[in-house]
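Note sheet for the following structure.
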Amino acid sequence: QVQLLESGGGSVQPGGSLRLSCVVSGRTFGITAVGWFRQAPGKERDFVALINWSTRSTRYADAVQGRFTISREYAKNTMYLQMNNLKFEDTAVYYCAVSRAGISQNVIGYDYWGQGTQVTVSS
């Protein structure tokens, strides 16, 4: 089993920044990627960013490219999502998730999920 614990959500004005954290614990052997997804009310869960567990290569959704940065701190098994220049449309519950089956931007490619953390962008 793998456990994921997100933190760092909150409320921010447009143009502001937040940093989300995701601590990965348990059976980390075999993890191939860690991803961030988000889900706004009434909408599907969408891909935001992922990082290759081994190589630290990254991918981003077009909507966040250039504004968000995903990173990994090996010593702490912690993933971060630095979110800058936040927009109203970034408002959602953000989830981190772990894949053991490759590198995927699809929800179905992930086996374990955190509980989510709310990000609200409002003026």
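The values are calculated or read from the model by the stated rules, or taken from the named source; none is laboratory data. All figures in this text were calculated on a predicted structure; none of them were measured in a lab. So basically every Cβ, Gly included, is an ideal-geometry build from the backbone, and we count neighbours across all protein chains shown. The accessibility values were calculated without ligands, DNA or RNA, using every heavy atom of the protein model including side chains. Shrake-Rupley method; radii C 1.70, N 1.55, O 1.52, S 1.80 Å.
The alpha carbons of the chain give a radius of gyration and a Dmax of 13.4, 43 Å, in that order. Stokes-Einstein diffusion of the stretch 1-55 at 4 °C, 1.567 mPa s viscosity, Kirkwood radius from Cα pairs, rounded to a whole number: 97 µm²/s.
Under the definition of Cα pairs under 8 Å and six or more residues apart, what whole-number percent is the relative contact order of the chain?
It comes to 35 percent, rounded to a whole number.
Express the accessible area of the chain per residue in Å², computed with a 1.4 Å probe while the remaining protein chains stay in the model.
Ligands and nucleic acids excluded, the result is 51 Å² per residue.
Each label point was placed 7 Å from the Cα along the Cα-to-Cβ direction; for ASN77 and ASN106 their separation is 2.8 nm.
Working ranking of peptides 56-68, 81-93 by packing, defined as the average number of other Cβ atoms within 10 Å per residue, highest first, is 81-93, 56-68. Accessible surface of the stretch 1-42, 1.4 Å probe: 52 percent of it comes from carbon and sulfur atoms. Distance between the pseudo-spin-label points of THR28 and ALA61 (7 Å out from Cα toward the beta carbon): 2.6 nm.
Quote the relative contact order of the stretch 1-67 in percent (integer), defining contacts as alpha-carbon pairs under 8 Å separated by 6+ residues.
Dividing the mean separation by the residue count of the stretch 1-67 yields 22 percent.
On the beta carbon distance between SER122 and GLU44, with R0 = 25 Å, the FRET formula returns roughly 0.65. For the stretch 76-87, backbone phi angles converted through the Karplus equation (6.51, -1.76, 1.60; θ = phi - 60°) give residue-by-residue couplings of 10, 6, 10, 9, 10, 10, 7, 10, 10, 6, 5, 10 Hz, Gly and Pro being listed as x.
For the chain, the antiparallel share of DSSP beta bridges with both residues in that region comes to about 95%. When the Cα positions of THR69, GLY8, THR32 are compared along the charge dipole of the chain, THR32 comes out farthest toward the positive end, with charges on each C-beta of Lys, Arg, Asp and Glu.
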